[in-house]
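The values are calculated or read from the model by the stated rules, or taken from the named source; none is laboratory data. As the structure is a prediction and not an experimental result, all values here were calculated from the model. With ideal geometry, Cβ positions are generated from the backbone for all residues, glycine too; neighbour counts draw on all protein chains shown. Accessible surface areas use protein heavy atoms only, side chains included; no ligands, DNA or RNA. Shrake-Rupley method; radii C 1.70, N 1.55, O 1.52, S 1.80 Å.
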Amino acid sequence: MINKYGQRSIINITDLSVEEIDHLIEVADDIVANPTEYQDICAHKKLATLFFEPSTRTRLSFTSAMMELGGNVLGFDDAGSSSATKGESVADTTIMVGCYADIIAMRHPKEGAPLVAAQKTRVPIINAGDGGHFHPTQTLTDLLTIHRKKGEFGNFTIGFCGDLKFGRTVHSLITALLRYDNIKFVLISPPELKLPDYMKEIMREQGVGFEEYERLEDAMPSLDILYMTRVQKERFFNEEDYIRLRDSYILTLDKLKPAKEDMIIMHPLPRVNEIAIEVDDDPRACYFFQALCGKHIRMALILYLLGLK
């Protein structure tokens, strides 16, 4: 989005065109190939990380990204250590922080908070997650991972497994992939956690094929990518249904037996028990590689929004 000051911010993955995403991936790959060319490119620039709720990967990857670009980082990782405890509005906080930093990464538990902030500030804001709404840099991370492992955005079948109803990473990645050709979607979840009807209607309107399964094993043979998410106990109306279904969505080596040898396993992390530890050593597991991709794509996005690349 662009605010009244003409300042560009990234709130949703759809704020970026396909061409811009391709450009960011190209820059991220060049950062890996030529790291010394980027080590001082953000010298004297400052990133503010405003995290109103806890985060590990996202906050640390933004911090690491800016430091590897030669910049500095300031901010907070707990709303309790900010003036929000005194009643300061999100807009006022970001306007003030914009006086001290060149770019802001914000996570907030309330949907829409980064959008409100982006309308008021004179520096770019990157939405680092707002409640159940959007998490665009996680989607960019997922796209970079797919690009590096599969080489293209198309001609593959991707399966989403677990909580498809409330999972913002699932909704966002599907939205991004719908802009590419020849991708088949497989939706694996208990009935209680199916992908929302409005998302499926969008897929139908665009003529995109999808299949729905309740058992992971039934879908496994056709998949080129498996995107795991956690089935959360708190999403069920009664504990009996949860106990009945929970083991169906725990990925084990035994369940991987019918999978393709070149399938990749992704997960936005953190995991709890939905991927067994034994799977970590399988060559198809790439969720920790995915976390590394998150640093590289955030480096590229910081450079892009600052007009440095």
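Computed with the Debye formula from one identical point scatterer per Cα of the stretch 120-208, without solvent, the log10 of I(q)/I(0) at q = 0.18, 0.22, 0.25, 0.26 Å⁻¹ comes to -0.86, -1.19, -1.40, -1.45.
For a straight C-alpha distance cut-off of 25 angstrom, the lysines reachable from K184 (same-chain residues fewer than eight places away being disregarded) are K149, K150, K165, K194, K200, K255, K257, K260. Remark: the chain carries 44 Å² of accessible area per residue (probe radius 1.4 Å; ligands, DNA and RNA excluded). Here the Gaussian network model covers the chain, with springs between Cα atoms less than 10 Å apart; of Q39, Q206, Q119, Q206 fluctuates the most. A Gaussian network model of the chain, with springs between Cα atoms under 10 Å, assigns the largest mean-square fluctuation among F289, F76, F166 to F289.
If you average the sequence gap of Cα pairs under 8 Å that are 6 or more apart and divide by the length of the stretch 1-147, what percent do you get for the contact order? Walk me through the numbers before you get to the answer.
Numbers: 243 pairs, mean separation 42.1, N = 147.
For the stretch 1-147, the relative contact order is 29 percent.
Considering all different alpha carbon pairs of the stretch 150-309, the Kirkwood hydrodynamic radius works out to 16.6 Å. Using a probe radius of 1.4 angstrom, the carbon and sulfur fraction of the accessible surface of the chain is 49%.
How big is the convex hull of the Cα atoms of the stretch 95-153, per residue, in Å³?
Values: hull volume 5.7 nm³, N = 59.
Enclosed volume per residue, from the Cα hull, is 97 Å³.
Stokes-Einstein diffusion of the stretch 11-75 at 37 °C, 0.692 mPa s viscosity, Kirkwood radius from Cα pairs, rounded to a whole number: 247 µm²/s.
Can you give the helix-only mean residue ellipticity at 222 nm for the chain, where every DSSP H stretch with n ≥ 4 adds -39500 (n - 2.57) and the sum goes over all residues, rounded to the nearest 500 deg cm²/dmol? Mind showing how you got there, number by number?
Values: 10 runs with 106 residues, N = 309.
Computed mean residue ellipticity for the chain: -10500 deg cm²/dmol.
Once whole DSSP H runs in the chain are found, which of them have Cα atoms spread over 24 Å or more along the helix axis and a mean Kyte-Doolittle score of at least 0.0? Passing helices, by number: 287-305. Using alpha-carbon pairs under 8 Å, 6+ residues apart, how would you state the relative contact order of the chain in percent? Computed over the chain, the figure is 19 percent. For the chain, the extents of the C-alpha atoms along the principal axes are 54, 45, 40 Å, listed from largest to smallest.
Which residue fluctuates the most in the chain, going by a Gaussian network model with Cα springs under 10 Å, if the choices are R122, R204, R107? Judging by the Gaussian network model, the answer is R204. Put simply, when 275-284, 222-231 are sorted by average Cβ atoms within 10 angstrom per residue, most first, you get 222-231, 275-284. Considering every Cα-Cα pair within the stretch 1-153, what fraction, in whole percent, is farther apart than 28 Å? Pairs farther apart than 28 Å: 18 percent.
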